[in-house]
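**Q** Before we start, here is the structure in question, set down as structure tokens.
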Amino acid sequence: MNQKRKRAAERSNDVSVSLRALPSIDECLRAAAARPALAGLKREYVKLMVNRALSEMRSAMLGGTANTGSDRGAIIEAVAAAVETSIAADLPSLRPVVNATGVILHTNLGRAILAETAIDAIAEAARSAVNLEYDLETGGRGDRDSLVEDELCALTGAEAATIVNNNAAAVVLALNSLAEGREVIVSRGELIEIGGSFRLPDVMVKSGARLKEVGTTNRTHPSDFADAIGADTALLLKVHPSNYRVVGFTSDVTLAQLVEIGRERGIEVMEDLGSGALIDLSEFGLPREPIVSERVTTGAGVVTFSGDKLLGGPQAGVIVGKRALIDRIKRNPLKRALRCDKLTLAALSATLRLYLRAENLSSELPTLKFLGRSIGEIRAIAPRAREILAERLGAEFTIAIVESKSAVGSGAMPEEELPSVALSVTHRERSADSIAAMFRRARIIGRIAEDAFLLDLRTVEDPAVFAVLYDSV
């Protein structure tokens, strides 16, 4: 026991000596500046990398893994070398990854992949001045919403439209514009929680409207809405439960029923569609989601939905509806705080034009392509993908082709599973978590199921994406 205590004390003393030998930032900066590979770089950037290298060196000393000892000169050189290595490998924080999770619209991975025409439109808008709010005919100030309003009205049948930066913002802006300080009646069963633990009731309350819940979690009737209407009621609200389903002994109020109640009492109806399909997705073998144009035709005064979910465009909150209501929303000072920039509008405009012009929309819009991809097409690339991984990983890994289930993602169609094919990667000694970490270092994101790491191939078009170096540390 005394020997163990003695060795522990010696290690503690060695660590203390090493920590005291850590050089200052200025000393490391001078050493880094003397390296030809770092010449010409801004001092602020090199200082940032020196700070990171010193932090890593300190952690290594505390963990007993540093091999520099207490030689101050050696430590300075080690830090300078680490800085040079880090700068050579420095990458942007936002990096491309391979989505092999099986979730098509993965919120954490950026949701919809844009069509090539939308990407081209972003690049063109980014590299030059554009008529964002400039009327080319009159030479006066223009309206940025006009860049997409005609297309949105053509696709939805709405009288007018406006755009903000996401659907939550669309809901807040619409409620604040049309019901601030007044009551909005909504079914208790539609007060959903969206991603990141954000609850729709909390988002709505921030609008300044007062929510009045009616019905129960599983059953709400038209009479619940009708009986709750009072002198202070500003809106009747319907929320499409895109990220969950209540089954069994249930009852809800249809949009048509809500519109009829609103007409009888002189109150407008607003609907938050969430995912917001512009076309009938049953064409791709999927369940039929509510289509925006049908909701407008049914009589909703305002409909809000996302741009980067089933629509397949950039992140945006789309608001369509009656002109008088949209005009009120556009006059709200909050609109300026929530408006989209030129890049978003360029991408959205290009995406909407595809809906109007493309002969084969699913071949040009990645979201629809992945949704409608046949199991045969997915299965066809599996052998080559398996062969590539086997070559890269070696004989210690077992790679098998297995049946899988994909999901739409981003809260859309939560019950719908799409048949798919995956590669199962296992190792006789390494855990699935360890294998997943190894693939993450190669920027390939899969999922873990039944103690195996899976690479779902539904959103993988070219198996060559797996032909990378894998760091097995």
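**Q** For Arg443, tell me the accessible area in Å² from a 1.4 Å probe, rounded to the nearest 10.
**A** 80 Å²
**Q** Next up: Determine ³J(HN,Hα), in whole Hz, for all residues of segment 128-143 in sequence, where each value follows from phi through the Karplus function 6.51 cos²θ - 1.76 cosθ + 1.60 and θ = phi - 60°; x replaces Gly and Pro.
**A** My calculation for segment 128-143 gives 8, 5, 9, 7, 4, 9, 9, 7, 5, 7, 9, x, x, 5, x, 10 Hz in order.
**Q** Mind listing the long-range amide H neighbours of Arg182? Cut-off is under 5 Å, sequence gap 5 or more, other chains count too, H placed in the peptide plane at 1.01 Å from N.
**A** Result for Arg182 returns Arg210.
**Q** In degrees between 0 and 90, to the nearest 10, how far off the longest principal axis of the chain does helix 43-63 point, with axes built from Cα atoms?
**A** Computed tilt is about 70 degrees.
**Q** If Arg141, Arg182 are ordered by their accessible area, calculated over protein heavy atoms with a 1.4 Å probe, which sequence runs from highest to lowest? Numbers along the way, then the final one.
**A** On the way: Arg141 180, Arg182 90 Å².
Result, largest first: Arg141, Arg182.
**Q** Subtracting the Cα-Cα distance from 0.36 nm times the residue separation, let me have the gained length for Leu19 to Leu356 in nm, one decimal. Show your work: numbers first, answer last.
**A** On the way: separation 337, 0.36 × 337 = 121.32 nm, distance 6.55 nm.
Separation in residues times 0.36 nm, less the Cα-Cα distance, equals 114.8 nm.
**Q** Probe 1.4 Å, all protein chains in place: accessible area of Phe225 in Å², nearest 10?
**A** 0 Å²
**Q** Then there is this: Keeping all protein chains in the complex and leaving out DNA, RNA and ligands, what accessible area do you get for Cys153 with a 1.4 Å probe, in Å² to the nearest 10?
**A** Roughly 30 Å² of Cys153 is accessible to a 1.4 Å probe.
**Q** May I pose another question? Between 0 and 90 degrees, rounded to the nearest ten: what's the tilt of helix 146-156 against the longest Cα principal axis of the chain?
**A** Around 60 degrees separate the two axes.
**Q** For segment 121-274, what value does the Rg/Rh ratio take when both radii are computed over Cα atoms and Rh is the Kirkwood radius, given to two decimals?
**A** With Rh from the inverse mean 1/r over Cα pairs, Rg/Rh is 1.06.
**Q** Whole-Hz Karplus ³J(HN,Hα) for segment 317-324, in order, using 6.51 cos²θ - 1.76 cosθ + 1.60 and θ = phi - 60°, x for Gly and Pro?
**A** Listing the rounded values in order: x, 9, 10, 10, x, 6, 4, 4 Hz.
**Q** Quick one: work out the % antiparallel among DSSP beta bridges in the chain, nearest 5.
**A** Values: 31 of 54 bridges.
Within the chain, antiparallel bridges account for around 55 percent of the total.
**Q** Once neighbouring chains are kept in place and the probe is 1.4 Å, which whole percent of the accessible area of segment 308-379 is contributed by carbon and sulfur? Don't skip to the end; give the middle numbers.
**A** Details: 1430 of 3100 Å².
Percent of accessible area from carbon and sulfur atoms in segment 308-379: 46.
**Q** Sticking with this structure for a sec: Sum up the charges of everything whose Cβ sits under 11 Å from the Cβ of Val130, counting Lys and Arg as +1 and Asp and Glu as -1, but leave Val130 out. Don't skip to the answer; put the middle values down first.
**A** Numbers: positive: Arg127, Arg144, Lys342; negative: Glu124, Glu133, Asp341.
My count for the surroundings of Val130 gives 0.
**Q** As a test of reading the structure, rank Tyr470, Tyr134, Tyr45 by solvent-accessible area (1.4 Å probe, protein chains only), most first.
**A** Details: Tyr470 35, Tyr134 115, Tyr45 70 Å².
Largest accessible area first, the residues go Tyr134, Tyr45, Tyr470.
**Q** Grab the DSSP H runs of the chain that are 4 residues or longer, score each as -39,500 (n - 2.57), total them, divide by all residues and round the 222 nm result to the nearest 500 deg cm²/dmol. Kindly include the intermediate steps, with their values, before the conclusion.
**A** Numbers: 18 runs with 201 residues, N = 473.
Calculated from helices alone, the mean residue ellipticity at 222 nm is -13000 deg cm²/dmol.
**Q** So what is the accessible area of the chain per residue, in Å², with the probe set to 1.4 Å? Walk me through the numbers on the way to the answer.
**A** Values: 23660 Å² over 473 residues.
Result: 50 Å² per residue.
**Q** So what is Rg over Rh here for segment 278-378, counting just Cα atoms and using Kirkwood for Rh? Mind dumping the intermediate values first?
**A** On the way: Rg = 15.6 Å, Rh = 15.3 Å.
We get a ratio of 1.02 for segment 278-378.
**Q** Let me ask another. Cross-link candidates for Lys330: which lysines have Cα within less than 30 Å, leaving aside residues fewer than 8 places away along the same chain?
**A** Straight-line reach from Lys330, under 30 Å: Lys206, Lys212, Lys238, Lys309, Lys322, Lys342.
**Q** Give the aspartates and glutamates reachable from Lys42 as a straight Cα distance under 14 Å; neighbours fewer than 8 places away on the same chain don't count.
**A** Candidates past the 8-residue exclusion: Glu84.
**Q** How do Glu294, Glu149 stack up against each other in accessible area, from largest to smallest, with a 1.4 angstrom probe?
**A** Numbers: Glu294 65, Glu149 30 Å².
In descending accessible area the options line up as Glu294, Glu149.
**Q** How far is it, in nm, from the label point at Glu124 to the one at Ala74 when both lie 7 Å from their Cα along the line to the Cβ?
**A** 6.1 nm
**Q** Let me understand segment 416-473 better: what is its radius of gyration from the alpha carbons, and its Dmax, in angstrom?
**A** Rg and Dmax of segment 416-473, Cα atoms, are 11.7, 37 Å.
**Q** Considering all projection directions equally, how large on average is the shadow of the alpha-carbon convex hull of the chain, in square nanometres? Don't jump to the answer; show the numbers that get you there.
**A** Working: hull surface 128.4 nm².
With the hull built on Cα positions only, its mean projection is 32.1 nm².
**Q** Quick one: length gained pulling Val205 to Ala464 fully straight, 0.36 nm per residue minus the C-alpha distance? Mind showing how you got there, number by number?
**A** Values: separation 259, 0.36 × 259 = 93.24 nm, distance 4.86 nm.
Gain in length upon complete extension: 88.4 nm.
**Q** Sticking with this one: On a 0 to 90° scale, report how tilted helix 375-393 is relative to the longest principal axis of the chain, with both axes built from alpha carbons and the result rounded to the nearest 10.
**A** Between the helix axis and the principal axis of the chain, the angle is about 10 degrees.
The values are calculated or read from the model by the stated rules, or taken from the named source; none is laboratory data. Everything quoted here is computed from the prediction, not taken from an experiment. In this analysis, Cβ positions are derived from the backbone assuming ideal geometry, glycine residues included, and neighbour counts consider all displayed protein chains. Protein only, heavy atoms only, side chains kept; ligands, DNA and RNA dropped before computing areas. Shrake-Rupley method; radii C 1.70, N 1.55, O 1.52, S 1.80 Å.
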